[in-house]
1. Say we look at the range 114-140 and pick out the residues that are in contact (Cβ under 8 Å) with a residue 60 or more places away in the chain and out of contact with any strand residue (DSSP E or B) (no Cβ under 7 Å at 6 or more places or on another chain); which of these is surrounded by the most Cβ atoms within 10 Å (Cβ to Cβ)?
2. Run residue 67 past the list (1) over 17 Å from residue 124 (Cβ atoms); (2) touching a residue at least 60 places away in the same chain (Cβ under 8 Å) and report the number of the one that doesn't hold.
3. Residue 108: under 27 Å from residue 43 (Cβ atoms), of a type in the set (Val, Ile, Thr), assigned to a helix (DSSP H, G or I) and in contact (Cβ under 8 Å) with a residue 24 or more places away in the chain, yes or no?
4. Inside the range 141-152, can you point out the residues that are of a type outside the set (A, V, I, L, M) and surrounded by 15 or more Cβ atoms within 10 Å (Cβ to Cβ)?
5. All but one of (1) exposed (fewer than 14 other Cβ atoms within 10 Å of the Cβ); (2) charged (D, E, K, R); (3) at pLDDT 95 or above hold for residue 107; state the number of the condition that does not hold.
6. Take residue 77 and tell me if it is under 18 Å from residue 132 (Cα atoms), loosely packed, with under 14 Cβ neighbours inside 10 Å, modelled with pLDDT of 80 or more and not acidic (Asp, Glu).
7. Quick one: in the range 44-74, of everything that is part of a helix (DSSP H, G or I) and within 15 Å of the chain's Cα centre (by Cα), which residue is surrounded by the most Cβ atoms within 10 Å (Cβ to Cβ)?
Amino acid sequence: MNTRIVRQALPGVSSAVLPMLAMLLLTAGFLAAQATISAGPPSLYQVNVIYVAPSADDFVGLLKSRLEKWNAVRITSQPEEADAILTCQTQSTFVPAKVVVRRTTAEVTLVERRSQKVIWRTTKVAAFDTTILADDIMEQLKQDWRKSASAY
């Protein structure tokens, strides 16, 4: 730090106080930077563009088609253009009963692209039809989106 500039700006401050003043300013700057870094992810309502991460199964395609029909967000094919990335993991199990039932569990997560902090997450389970499961997940997303919008 150039002491001559500081002495001109603060003529009544003694040389013994200048190091303490400099430390105080550095600490304040560090704390402000730390607050910026530790800020949480944006609310669900603030997400405008979503990238749907590819998956090995077809379920993510069902979600993507429903997201594309919903006019609240835009879907992009380039992850670097997105505010958030949506991932989906599914697991199917066969449950023996009188008739064998296929049960699908889907965990859908929306994370902020830069920080990878979770913005939204849900886990849903459905038997038989995965289209009903995709509809349930979208309905949950829409409800949560409306709730986060009402906070503004």
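The values are calculated or read from the model by the stated rules, or taken from the named source; none is laboratory data. From a predicted model like this one, the values you see are computed outputs, not experimental measurements. Don't worry about glycine lacking a Cβ; one is built from the backbone with ideal geometry, like all the others, and counts go over all protein chains shown.
1. As a first pass, look at the range 114-140 and keep what is in contact (Cβ under 8 Å) with a residue 60 or more places away in the chain: 115, 117-120, 130-131, 133-135, 137-138.
Within this subset, residues satisfying the condition of being out of contact with any strand residue (DSSP E or B) (no Cβ under 7 Å at 6 or more places or on another chain) are 115, 131, 134-135, 138.
Numbers: 115: 13, 131: 12, 134: 24, 135: 16, 138: 18.
By that ranking, first place goes to 134.
2. It fails just one condition, (1).
3. Numbers: under 27 Å from residue 43 (Cβ atoms): yes; of a type in the set (Val, Ile, Thr): yes; assigned to a helix (DSSP H, G or I): no; in contact (Cβ under 8 Å) with a residue 24 or more places away in the chain: yes.
No; evaluated as a whole, the condition is false for this residue.
4. Initial filter on the range 141-152 (of a type outside the set (A, V, I, L, M)): 142-148, 150, 152.
144, 145, 148 - these are the residues of the range 141-152 that are of a type outside the set (A, V, I, L, M) and surrounded by 15 or more Cβ atoms within 10 Å (Cβ to Cβ).
5. (1)
6. Numbers: under 18 Å from residue 132 (Cα atoms): no; loosely packed, with under 14 Cβ neighbours inside 10 Å: yes; modelled with pLDDT of 80 or more: yes; not acidic (Asp, Glu): yes.
For residue 77, the condition - under 18 Å from residue 132 (Cα atoms), loosely packed, with under 14 Cβ neighbours inside 10 Å, modelled with pLDDT of 80 or more and not acidic (Asp, Glu) - is not met.
7. Taking the range 44-74 and keeping what is part of a helix (DSSP H, G or I), we get 44-46, 59-69.
Narrowing the set further to residues that are within 15 Å of the chain's Cα centre (by Cα) leaves 44-46.
Details: 44: 20, 45: 17, 46: 14.
Filtering first and then ranking leaves 44.
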